[in-house]
1. FRET efficiency for Leu42 and Ser4, Cβ-Cβ distance as r, R0 = 22 Å, nearest 0.05?
2. Quick check: with the 1.4 Å probe, what order do Arg28, Arg62 take by accessible area, largest first?
3. Indicate the gyration tensor shape class of the stretch 5-69 (rounded, prolate or oblate), computed on the Cα atoms with a ≥ b ≥ c the square roots of the eigenvalues: a/c under 1.5 is rounded; otherwise a/b larger than b/c is prolate and the rest oblate.
Amino acid sequence: MTRSELVEMRNAAIDAMIADGMDEDDARFAAMTAAARPDGILSEQGKSEQHPALLSLAKAGRAFLDGVEYVPVSAAAPRMYTNEDQTAIWVS
């Protein structure tokens with residue numbers, strides 16, 4: 001993910017939060033924070049207090065900061081985990 005892609009994702013998250021009734025200044029501040037310092041947003045994920053677009057942006061921001069590719073996963077997509085003995089477990 002490039003910096004410009006992250007900015008586009010940030011702008012889309014701002015638009016989504018405003019469309020859902022959030023104040024424009026609050027939405028902009030939350031999105032800029034999620035992109036630049038995602039760990040605080042991601043730590044709240046378990047409490048379900050964050051907008052879904054904000055969580056997705058924070059995950060992308062964390063991936064960008066770590067230098068890895070961010071690939072959003074659909075909630076309906078199956079996920080694969082590997083056991084200690086290297087056998088695959090599919091969770092759908």
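1. Approximately 0.45, to the nearest 0.05.
2. Largest to smallest exposure gives the sequence Arg28, Arg62.
3. oblate
The values are calculated or read from the model by the stated rules, or taken from the named source; none is laboratory data. The shown structure was predicted, so the numbers you read here are calculated from the model rather than taken from an experiment. Glycine also receives a Cβ, built like all others from the backbone with ideal geometry; neighbour counts cover every protein chain displayed. Ligands, DNA and RNA are stripped out before the accessible areas are found, and what is left, the full protein with its side chains, is counted by its heavy atoms. Shrake-Rupley method; radii C 1.70, N 1.55, O 1.52, S 1.80 Å.
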